[in-house]
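The values are calculated or read from the model by the stated rules, or taken from the named source; none is laboratory data. Bear in mind the structure is a predicted one, so any value in this text is a computation, not a measurement. Glycine gets a Cβ as well: all are built from the backbone with ideal geometry, and neighbour counts include every protein chain shown. To get the accessible areas, we keep the full protein, side chains included, count just its heavy atoms, and leave off ligands, DNA and RNA. Shrake-Rupley method; radii C 1.70, N 1.55, O 1.52, S 1.80 Å.
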Amino acid sequence: MNKILFERGSVNHIRIHVMPTKRFKTFAISVYAGIPLEEKTVATTGLIPFVLRRGTVSYPETTQFRERLENLYGAGFGFDIYKRGDHQIVQLRMDTINDSFVQSNESLLEQSFSFLGEVLTEPVTENGSFRASYVAAEKETVRKKLESIINDKIRYAAERCLEEMFRNDPYRLHPLGSREELAAITPESLYSAFGSWVENANLDLYVVGDTTLEEVTRLVEKSFKIKRTEARQYTPTNVSFETGDVHTVEERLNVNQGKLNLGLRTPITYGDDKYATALLYNGVLGSYPHSKLFINVREKESLAYYASSRYDGHKGMATIQSGIEIANYEKALEIIKNQLEAMRQGEISDLELNQTKAMIRNHIVEMQDSAFEMIAYDFNRVISGKERSPEELLAQMEQVTASDVKEAAQTFHLNTVYFLKGEKEE
């Protein structure tokens, strides 16, 4: 496997990460802006990138904004908003074709940086704040996104399980905030929040492609017209929790299929030396078609339409998702708990362990076929403070034994059981 090597620097307290490579025909550019996940800022931060995509000083109309991307040989632009540990992350992305594959008088990489820098630092304004029509339209966009969650019952149950699991922790917040918070935002309040966000966010800029750290540093200095007064660092995520009684919540909605979600807490995080072991724990438990949840809950007992698990190393938790007949709640819960106990007892076959290692290995190797996947992997290092290359993770994983997974299983404590059932069920 080719070693992934990023060269690093900084300009105006923006951390720069460049992977010079000729493997791709495009440049992949990502800007990560992260701030603490807090109730007072979550809604405004979630709305900001929606408004930024509407226009800049040079391209104030949305049609002009989109035409500029087309003129860059169809360059792609997009963004994501999500939670990582105790932080709310906004990721802006661009991918543009390598200059050597087109005939252009100006460097496409330089033009892309100029565009992205203007999106982040020079949005279109009127009367000293964001354009009111853009704010109103994007508030409606976000409102519809929040409302759509209730129509996707799988997603709704997952969100509600997290809300209950972290009811006393900011992690309960949705990365787009709430409809109530959204409604109170004005163009003036959003523009003020934007200024604070640009000044105070952790800013990390990544480029993968046929370039150099020196070139990217020059382009950042030229195109990102902000003067930040101090460097920002991500603070360690709080993973403390109590291992007392399990919090059980039942909710009624107009559903025909029950949604049974469980939340578990663990002190093993991305920065822990046992991270590879926790990945294998989750893989054996429920990430793959050969996993215990899929085989025992869905296949053998036919109790679930789907059953899987997910591990979040940035927050020290795992979640189990299943869709069941509402009448099968007690039996399904019992069998899911049996799988958790089997893991604690070390009932892990060589086949289960080896198949899981193979699946994780394939994912890590395939990650190198995507520049943005490579960037996302390295950003784990930034936000966690843990240096661990893909090669190191693979080597650590290969050394993990069933006994190690059993030991890790002792640290995964059931915290929350959330069950979504029909309105008329007794």
Practice task
Identify the single condition in (1) under 18 Å from Ala409 (Cβ atoms); (2) open to solvent by less than 40 Å² (accessible area, probe 1.4 Å); (3) small (Gly, Ala, Ser) that Ser287 does not satisfy, given that it satisfies every other one.
Solution key: (2)
Practice task
Return the residue satisfying two criteria in turn: it lies in region 189-214 and is among the charged types (D, E, K, R) and free of Cβ contacts under 8 Å to residues at least 60 places away in the same chain, and of such residues it is least open to solvent (accessible area, probe 1.4 Å).
Solution key: Glu199
Exercise for the section: Could you tell me whether any residue of region 303-322 is touching a helix residue (DSSP H, G or I) at 6+ places or on another chain (Cβ under 8 Å), among the basic types (Lys, Arg) and closer than 28 Å to Asp169 by Cβ? Expected result: yes
Exercise for the section: Tell me, yes or no, whether region 160-167 has at least one residue that is in contact (Cβ under 8 Å) with a residue 24 or more places away in the chain, more than 26 Å from Phe241 (Cβ to Cβ) and not in a loop (DSSP other than H, G, I, E, B). Expected result: no
Handout entry: So Glu199, is it touching a strand residue (DSSP E or B) at 6+ places or on another chain (Cβ under 6 Å), part of a helix (DSSP H, G or I) and more than 18 Å from Phe115 (Cα to Cα)
Key = no
Exercise for the section: Under 8 Å between Cβ atoms, at least 6 apart or on separate chains: pull out the pairs that start in region 373-384 with a residue that is under 14 Å from Arg84 (Cα atoms) and end on any residue that is assigned to a helix (DSSP H, G or I). Expected result: Tyr377/Met367; Tyr377/Pro390
Completion exercise
Out of (1) buried (at least 18 other Cβ atoms within 10 Å of the Cβ); (2) without any contact (Cβ under 8 Å) to a residue 60 or more places away in the chain; (3) not in a helix (DSSP H, G or I), the one Ile335 does not meet is (3)
Practice task
Name every residue in region 82-104 that is aliphatic (A, V, I, L, M), farther than 15 Å from Glu38 by Cβ and under 14 Å from the mean Cα position of the chain (by Cα), in order of residue number.
Solution key: Leu92
Handout entry: Given (1) free of Cβ contacts under 8 Å to residues at least 60 places away in the same chain; (2) under 15 Å from Ser291 (Cβ atoms), index of the condition Glu398 fails
Key = (2)
Exercise for the section: Give the residue, chosen from Ala318, Ala307, Ala231, Ala276, that is assigned to a helix (DSSP H, G or I) and small (Gly, Ala, Ser). Expected result: Ala276
Exercise for the section: May I ask you to list the residues in region 204-228 that are under 16 Å from Ser114 (Cα atoms), among the β-branched types (Val, Ile, Thr) and not in a loop (DSSP other than H, G, I, E, B)? Expected result: Val207, Val216, Thr217, Val220
Exercise for the section: Would you check if there is a residue in region 125-133 being in a helix (DSSP H, G or I) and closer than 19 Å to Ala193 by Cα? Expected result: yes
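Matching residues to (1) among the acidic types (Asp, Glu); (2) at pLDDT below 95:
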position	(1), (2)
Leu108	no, yes
Ser114	no, no
Ala132	no, no
Val135	no, no
Ser148	no, no
Glu180	yes, no
Problem - Condition met for Leu262 (open to solvent by less than 10 Å² (accessible area, probe 1.4 Å), assigned by TED's automatic domain parsing to the domain that holds Gly34 and either of a type outside the set (Asp, Glu) or more than 25 Å from the chain's Cα centre (by Cα) (or both)) - result: no
Problem - region 365-399, subset within 26 Å of Gln321 (Cα to Cα) and among the aliphatic types (A, V, I, L, M), residue modelled with the lowest pLDDT - result: Met367
Practice task
Of all residues in region 241-294, count the ones that are among the β-branched types (Val, Ile, Thr) and farther than 26 Å from Ala358 by Cα.
Solution key: 5
